[in-house]
Every structure is written in structure tokens, then in C-alpha cells.
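For reference, the structure is listed below as C-alpha cells.
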Amino acid sequence: MRKALPEFQTKRLNLRGVSQADIPTYQKYFADYEVIKHLAATVPWPYPENGVQEFFDKFIFPHQGDTQWLWGIFEKQNPQDLIGAVHLWREGRPENRGFWLGRPFWGKGYMTEAVEPVMNYAFNDLGFEKLVFANAVGNTKSRRVKEKTGAKLIDIRPAKFVNPEYNEHEIWELSKSDWIEFTTSK
Ligand SMILES: CC(C)(COP(=O)(O)OP(=O)(O)OC[C@H]1O[C@@H](n2cnc3c(N)ncnc32)[C@H](O)[C@@H]1OP(=O)(O)O)[C@@H](O)C(=O)NCCC(=O)NCCS
């Protein structure tokens, strides 16, 4: 069942549930090997022209606000164009979260800023007691976001990614109590 997601504002960003209108900019920034190579091997590469439409229709729209939550990230200074996304899902694979930013928007601290209201919502409103994150060993940019937001590295396991040179992933955990401690000690 499709439900509207809450909208969040941070210092520089707006986050809102993705809609049909966001598909062109999602496709524009996401269909980039430098973004997709870090993702699980289940993501197709080369990325199909209708890849985002299919992903939204099959996996997001039917479950949005129920078992999946996919927020688009928008700059306040250009609020129409989606520049990235934060995704949460209930059933761990083992992870419960994914994220990406278009390449022109890396290195500005946007993802570290964007995950904060999403973590608050996951713990305070969605009832998660613990979130699991994962990234390819070697994906240092994704690793840094976790390190900087209170997550703890718990394991390294074999995994397959779009980039065939990656063969392991780091598993991280963030408990509700660690998150509360992290946000209150900032
Ligand atoms: C993972 C990903 C979202 C990280 O993007 P990012 O831009 O490196 O992360 P942030 O937005 O948090 O920015 C962090 C950097 O911005 C810099 N920065 C510049 N201005 C800043 C500011 N005003 N505030 C905070 N940081 C700032 C910081 O130095 C920081 O780098 P550091 O932590 O090494 O010091 C991005 O690399 C990406 O989309 N990768 C491809 C997809 C992917 O890997 N997804 C995750 C799969 S597990």
C-alpha cells in the first residue's frame, strides 16, 4: 500500500518521497558507472533507459511508506531536481539502508546531512531498534558516512557487486541507543 512519506529539511537539503516527476533526474544522475559500480550485483549494468521507472513501479510505489521508504534528496537552492536518494527497507538483506548521490554532488557533506532525519524517523517513528548497513570493502566514501554517523563495524563477509573487483562487504550496525547517544553528544 502506497503512503506519503514525511518531508524533511536540513540546513541545505529537502528530502521527500520520490514521485513519477523525479524519474528523469533520478535516471540522469543514477545511470553512472561511478555510482552504480558500488552497488549490489543485482543492479543491472549497463543501466536500462527505463531502469528507474521499472524500479519505482515494481519495488517502490507498491510498498512506499509500508515496507520501503525511498526519499529523494533535493538542494534547497534548486528544489526541483533530485540529486540523490536515501532508501530504507524493513527486511534486512542483511542491510536496511541504501543511498547514493549524483557525482556532481559528492564531497559537500550532503549524504551525512541527509541521513540524519532519516535515522531519527527510523528509530522514533518506524520502530526500528537497530539498523544494519553494508558497503563494499573499498567503497571508502560510503564507509566514511557510516563512521561519521555513529555506526559500528561488526563484520566483513563475501559479497558480489556491480564492480567485479569488489568481493567483500563491511557490515555495520547502528542501534537506537547508540544513535541517541551520538546525536546528543554532537
Ligand atoms: C557514498 C556517497 C553518497 C558519499 O558521498 P560523499 O559526498 O562522499 O559523502 P558526504 O556527502 O557525506 O560528503 C562527505 C565529504 O564532504 C566533505 N565536505 C565538504 N564540505 C562539507 C560540509 N560543509 N560539511 C560536511 N562535509 C563536507 C567532507 O570533507 C567529507 O569527506 P570526509 O568525510 O572524507 O572528510 C557517494 O560517494 C556515492 O553516491 N557513491 C556511489 C553510490 C554508493 O556508493 N552508495 C553507497 C553504497 S553502500
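Working only within the stretch 84-101, note down all residues that are within 12 Å of the chain's Cα centre (by Cα) and either closer than 17 Å to H38 by Cα or modelled with pLDDT under 95 (or both).
If the condition is that a residue be within 12 Å of the chain's Cα centre (by Cα) and either closer than 17 Å to H38 by Cα or modelled with pLDDT under 95 (or both), then G84, A85, V86, H87, E95, N96, R97, G98, F99, W100, L101 are the ones that fit.
Among the candidates T184, T140, T149, which residue alone is within 14 Å of the ligand (Cβ to nearest atom) and free of Cβ contacts under 8 Å to residues at least 24 places away in the same chain?
Exactly one of T184, T140, T149 is within 14 Å of the ligand (Cβ to nearest atom) and free of Cβ contacts under 8 Å to residues at least 24 places away in the same chain, namely T140.
For residues that are within 13 Å of the ligand (Cβ to nearest atom) and part of a loop (DSSP other than H, G, I, E, B), tally how many sit in the stretch 95-127.
Residues that pass the stated criteria total 7.
Scan the stretch 57-78 for residues that are part of a strand (DSSP E or B) and polar (S, T, N, Q) and jot them down.
Correct list: Q64, Q68, N78.
Here is a list: G102, G107, G65, G72. Which entry is in contact with a Leu (Cβ under 7 Å, 6 or more places away or on another chain) and farther than 25 Å from K176 by Cβ?
Matching residue, one of G102, G107, G65, G72: G72.
Kindly check whether there is at least one residue in the stretch 37-56 that is without any contact (Cβ under 8 Å) to a residue 24 or more places away in the chain, part of a helix (DSSP H, G or I), more than 9 Å from the ligand (Cβ to nearest atom) and surrounded by fewer than 19 Cβ atoms within 10 Å (Cβ to Cβ).
There is at least one residue in the stretch 37-56 that is without any contact (Cβ under 8 Å) to a residue 24 or more places away in the chain, part of a helix (DSSP H, G or I), more than 9 Å from the ligand (Cβ to nearest atom) and surrounded by fewer than 19 Cβ atoms within 10 Å (Cβ to Cβ).
When you go through (1) within 16 Å of the chain's Cα centre (by Cα); (2) under 26 Å from V162 (Cβ atoms) one by one for E7, which number turns out not to apply?
Result: E7 passes all but (2).
Which numbered condition in (1) of a type in the set (S, T, N, Q); (2) surrounded by fewer than 18 Cβ atoms within 10 Å (Cβ to Cβ); (3) assigned to a helix (DSSP H, G or I) is the only one that N14 fails?
(3)
Restricting the search to the stretch 128-177, which residues are in a helix (DSSP H, G or I) and crowded, with 16+ Cβ neighbours inside 10 Å?
S142, R143, V145, K146, K176
Scanning for something outside any strand (DSSP E or B), touching a Ser or Thr at 6+ places or on another chain (Cβ under 9 Å) and surrounded by 13 or more Cβ atoms within 10 Å (Cβ to Cβ), does the stretch 79-90 turn up at least one residue?
yes
Residues of the stretch 18-51 being aliphatic (A, V, I, L, M) and within 25 Å of H169 (Cα to Cα), which ones?
A31, V35, I36, L39, A40, A41, V43, listed by residue number.
With respect to E95, determine if the residue is surrounded by fewer than 14 Cβ atoms within 10 Å (Cβ to Cβ) and in contact with a strand residue (DSSP E or B) (Cβ under 8 Å, 6 or more places away or on another chain).
no
The values are calculated or read from the model by the stated rules, or taken from the named source; none is laboratory data. These numbers come from a predicted model, not from an experiment. Please note: Cβ atoms are built from the backbone with ideal geometry, for glycine as well, and neighbour counts cover all protein chains shown.
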